[in-house]
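Participant: Structure incoming, see below.
The values are calculated or read from the model by the stated rules, or taken from the named source; none is laboratory data. Values in this document were obtained by computation on a predicted structure and should not be read as measured data. Note: ideal-geometry Cβ built from the backbone for every residue, glycine included; neighbour counts use all protein chains shown.
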Amino acid sequence: MITIPAQNGEDAYLTTQELADWLCVHRSYISDLRRLNQAPPSFRFGRLLYTRRSEVVAWLAQTEEEFPYFPPSMSADESLADAAGAEDTEAVNAEG
């Protein structure tokens, strides 16, 4: 993961490419999110769009609350163990 530090104690501003690199996604994915009004707030300065790092962190927290990857009652380890168990059961059923 790329770390974008704040500069001089202030919030860092990220270009679309820096944001995509930081989130490990393609630049077009950020553009798609913006088109769907699902991206963190950004502003245009000249030809580039900029997003505050703090806005991205807040947007990620909000997105995580709305769409959690794991159910609140289940840890990541439990979910992975359940998934592995389901794959083993499917393999046995396919063979038998």
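Participant: For the stretch 47-66: of the residues being outside any helix (DSSP H, G or I), touching a residue at least 12 places away in the same chain (Cβ under 8 Å) and not aliphatic (A, V, I, L, M), which is surrounded by the most Cβ atoms within 10 Å (Cβ to Cβ)?
Facilitator: T51
Participant: For the stretch 19-46, give me each residue that is among the acidic types (D, E) and either part of a strand (DSSP E or B) or within 19 Å of A61 (Cα to Cα) (or both).
Facilitator: D21
Participant: Filter the stretch 37-96 for residues that are modelled with pLDDT under 60 and polar (S, T, N, Q) and give the result.
Facilitator: Across the stretch 37-96, the qualifying residues are S75, S79, T89, N93.
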